[in-house]
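Accompanying notes for the structure given below.
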Amino acid sequence: MSKKSVVVLGGGYAGLSSAIRLAQNERLTVHLVDQAPFFLNTIRLHKTIMLDLDALRVDHASLARKHGYEFHQSAIDLDRGLLRKWADDSSLPLESGERLDFDFLVLALGGRSIPIMRDETPGFVTLEHIKQRGARLVLEEMLSSGPNDADPARFVFVGAGATALQFVFELEPRIRAHNANAEIILVDIADQLLPGTPRPFHDYAVRMLKRSRIDYRPGTRFLGGDLSAVKLQQGDQPSYTLSAKGVFLFPGVHAHPFAIQTNVYGQLLLNEKTHENIYAAGDCARFDGPGTNAQTAQAAVRKGRRVATNIERAVEGKAPQRYTFKELGYFVSLGPWDGMGWLLVDFNVLTGVAAFAVKEAIELQFGLFLEGVDTYIEFL
Ligand SMILES: Cc1cc2nc3c(=O)[nH]c(=O)nc-3n(C[C@H](O)[C@H](O)[C@H](O)COP(=O)(O)OP(=O)(O)OC[C@H]3O[C@@H](n4cnc5c(N)ncnc54)[C@H](O)[C@@H]3O)c2cc1C
């Protein structure tokens, strides 16, 4: 019997969850395509203030050998027109000119930082910079460059979502070790931290920000500028500027390159047509139905696994299964040994070391999966 070919585009949490699972199936040949030579364990990125970036990287070629699929390093441009062409041809062209013919395609290209500045501005740092160089290096460069005459040195964090909060609490002690009087400002356009999460999250995080002498300015819009004049505006008050030694831009993530709509099984919906052999998973995918579309690694893993199951079921001639995953908890760390989150039900809120410990365990879960130890619960 000839094997069916699966191409997985994107080797993050969703793509690897699909590829590793599918590679165990003897009826399938699996190809994983990613622009980078390594998987980056993004959910630990804030830890690169202490850890080398290399500690978060896992070589794709080794993973492919270990789990029995083929890896191709190639950056792939995607738009709706190209997607239609790949669907018509059942083939994905790589940068090298090689083509990967597929019976099934999984799109798992993740998300990108929402661009809030048109150009690169010296001293302004984004998540993409940290992904490339790690937080420690980025901060060291910021501390040793830029204007030194401001007293106190001022650091502005833009956006107070989970990513920004995790970074600000990791960076604060480092910044103050360098300059005890440094002023750290956290601005966010929303009036509440982490909207959509239980209210105690906001209250606890605000208390911790105060304790760390971080000046949290809710309802404040970032209007651009440069290090000599960072322009901010609170509500409809007149805008004001302040100088800064560094600016961290964490405005959130959007689907990359666009939100790919699927049905409840993860199958692509394009131009009012369902493509039963093309699936999407992870931050780039919007599934119909009751399952969560949260842009989290937890959801990316579950979407990737559901899609893998449905490809296997298609090969066996069985009906696909719906994606219904609801998050079982949500945790963020607030610096070394502190965190907050909820477990099982959203009023079961944990804070402090207990929450930090759960967050650590969640962070380690995917690493174990890559090692071949699968601790994800199957029926969810
Ligand atoms: C600091 C931080 C902390 C976080 N903490 C948590 C947490 O505690 N818990 C949680 O659940 N989530 C957390 N998240 C969110 C989580 O990282 C994302 O939801 C998750 O990475 C999404 O997985 P994905 O597979 O969709 O995308 P990704 O993991 O981003 O993978 C996408 C892959 O596609 C590849 N790719 C992209 N474009 C191309 C292209 N053109 N050609 C080829 N390949 C391409 C990329 O190289 C990448 O390997 C955190 C995020 C950050 C930034």
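The values are calculated or read from the model by the stated rules, or taken from the named source; none is laboratory data. Just so we're clear, the structure is a prediction, and the values are computed from it rather than from any experiment. Here the Cβ positions follow ideal geometry from the backbone for every residue, glycine too, while neighbour counts run over all protein chains shown.
How many residues does the range 272-315 hold that are closer than 23 Å to residue 332 by Cα, of a type in the set (Val, Ile, Thr) and in contact with a Ser or Thr (Cβ under 6 Å, 6 or more places away or on another chain)?
Qualifying residue count for the region: 1.
What single numbered condition from (1) free of Cβ contacts under 8 Å to residues at least 60 places away in the same chain; (2) closer than 23 Å to residue 121 by Cα; (3) surrounded by 14 or more Cβ atoms within 10 Å (Cβ to Cβ) fails to hold for residue 248?
Only one criterion in (1) free of Cβ contacts under 8 Å to residues at least 60 places away in the same chain; (2) closer than 23 Å to residue 121 by Cα; (3) surrounded by 14 or more Cβ atoms within 10 Å (Cβ to Cβ) is unmet by residue 248, namely (1).
Restricting to the range 5-22, count the residues that are away from the ligand (no atom under 12 Å from the Cβ) and surrounded by 19 or more Cβ atoms within 10 Å (Cβ to Cβ). Give the steps one after another, and end with the answer.
Looking only at the range 5-22, we keep the residues that are away from the ligand (no atom under 12 Å from the Cβ), and these are 5-6, 20-22.
Still in the list and also surrounded by 19 or more Cβ atoms within 10 Å (Cβ to Cβ): 6, 20-22.
Looking only at that region, the number is 4.
Being outside any strand (DSSP E or B), within 12 Å of the ligand (Cβ to nearest atom) and closer than 24 Å to residue 160 by Cα is the requirement here; does residue 298 meet it? Outline the logic, then answer.
Numbers: outside any strand (DSSP E or B): yes; within 12 Å of the ligand (Cβ to nearest atom): yes; closer than 24 Å to residue 160 by Cα: yes.
Spelling it out, residue 298 is indeed outside any strand (DSSP E or B), within 12 Å of the ligand (Cβ to nearest atom) and closer than 24 Å to residue 160 by Cα.
In the range 47-84, which residues are among the β-branched types (Val, Ile, Thr) and away from the ligand (no atom under 15 Å from the Cβ)? Steps first, answer last, please.
Here is the first cut: in the range 47-84, the residues among the β-branched types (Val, Ile, Thr) are 48-49, 58, 76.
Across the range 47-84, there are no qualifying residues.
Can you run down the residue pairs with Cβ atoms below 9 Å, 6 or more apart or on separate chains, where the first is in the range 196-218 and closer than 19 Å to residue 329 by Cβ and the partner is among the charged types (D, E, K, R)?
197/346; 198/346
Does any residue of the range 129-137 turn out to be surrounded by fewer than 20 Cβ atoms within 10 Å (Cβ to Cβ) and either farther than 24 Å from residue 283 by Cβ or away from the ligand (no atom under 15 Å from the Cβ) (or both)? Give the steps one after another, and end with the answer.
As a first pass, look at the range 129-137 and keep what is surrounded by fewer than 20 Cβ atoms within 10 Å (Cβ to Cβ): 129, 131-133, 136-137.
Adding the requirement that they be either farther than 24 Å from residue 283 by Cβ or away from the ligand (no atom under 15 Å from the Cβ) (or both) leaves 136-137.
Looking for residues that are surrounded by fewer than 20 Cβ atoms within 10 Å (Cβ to Cβ) and either farther than 24 Å from residue 283 by Cβ or away from the ligand (no atom under 15 Å from the Cβ) (or both), one finds at least one in the range 129-137, hence yes.
Is there any pair with a first residue in the range 221-240 that is assigned to a loop (DSSP other than H, G, I, E, B) and a second that is surrounded by 13 or more Cβ atoms within 10 Å (Cβ to Cβ) whose Cβ atoms are under 6 Å apart and which are 6 or more apart or on different chains, and what are they?
These pairs meet every condition: 227/123; 227/146; 227/244; 228/243; 235/219; 239/223; 239/231; 239/233.
Inspect all residues belonging to the range 103-122 and state whether any of them is modelled with pLDDT of 95 or more, more than 26 Å from residue 57 (Cα to Cα) and not basic (Lys, Arg).
yes
When the residues of the range 23-46 are narrowed to those that are within 15 Å of the ligand (Cβ to nearest atom) and under 19 Å from residue 280 (Cα atoms), which ends up surrounded by the fewest Cβ atoms within 10 Å (Cβ to Cβ)? Talk me through it step by step, then tell me what you get.
The first filter runs over the range 23-46 and keeps only residues within 15 Å of the ligand (Cβ to nearest atom), leaving 31-46.
Add one more test, that the residue is under 19 Å from residue 280 (Cα atoms), and what stays is 31-35, 39.
Numbers: 31: 22, 32: 29, 33: 25, 34: 26, 35: 13, 39: 21.
The residue in question is 35.
Give me a count of the residues in the range 263-287 that are under 17 Å from residue 87 (Cα atoms) and out of contact with any Leu (no Cβ under 8 Å at 6 or more places or on another chain).
7
Select from the range 259-295 the residues that are without any contact (Cβ under 8 Å) to a residue 24 or more places away in the chain and either within 14 Å of the ligand (Cβ to nearest atom) or not hydrophobic (A, V, I, L, M, F, W, C) (or both) and write down the one among them that is nearest to residue 362 (Cα to Cα).
Start the filter on the range 259-295 by keeping residues that are without any contact (Cβ under 8 Å) to a residue 24 or more places away in the chain, which leaves 269, 272-274, 293.
Adding the requirement that they be either within 14 Å of the ligand (Cβ to nearest atom) or not hydrophobic (A, V, I, L, M, F, W, C) (or both) leaves 272-274, 293.
On the way: 272: 38, 273: 37, 274: 34, 293: 19 Å.
If we take residues in the range 259-295 being without any contact (Cβ under 8 Å) to a residue 24 or more places away in the chain and either within 14 Å of the ligand (Cβ to nearest atom) or not hydrophobic (A, V, I, L, M, F, W, C) (or both), then 293 is nearest to residue 362 (Cα to Cα).
Any idea which residue in the range 244-258 is farthest from residue 105 (Cα to Cα), counting only those that are within 16 Å of the ligand (Cβ to nearest atom) and outside any loop (DSSP other than H, G, I, E, B)?
Taking the range 244-258 first, the residues within 16 Å of the ligand (Cβ to nearest atom) are 248-258.
Subsequent filtering for residues that are outside any loop (DSSP other than H, G, I, E, B) retains 248-249, 253-255.
Working: 248: 36, 249: 34, 253: 24, 254: 22, 255: 18 Å.
So, considering only residues that are within 16 Å of the ligand (Cβ to nearest atom) and outside any loop (DSSP other than H, G, I, E, B), the one farthest from residue 105 (Cα to Cα) is 248.
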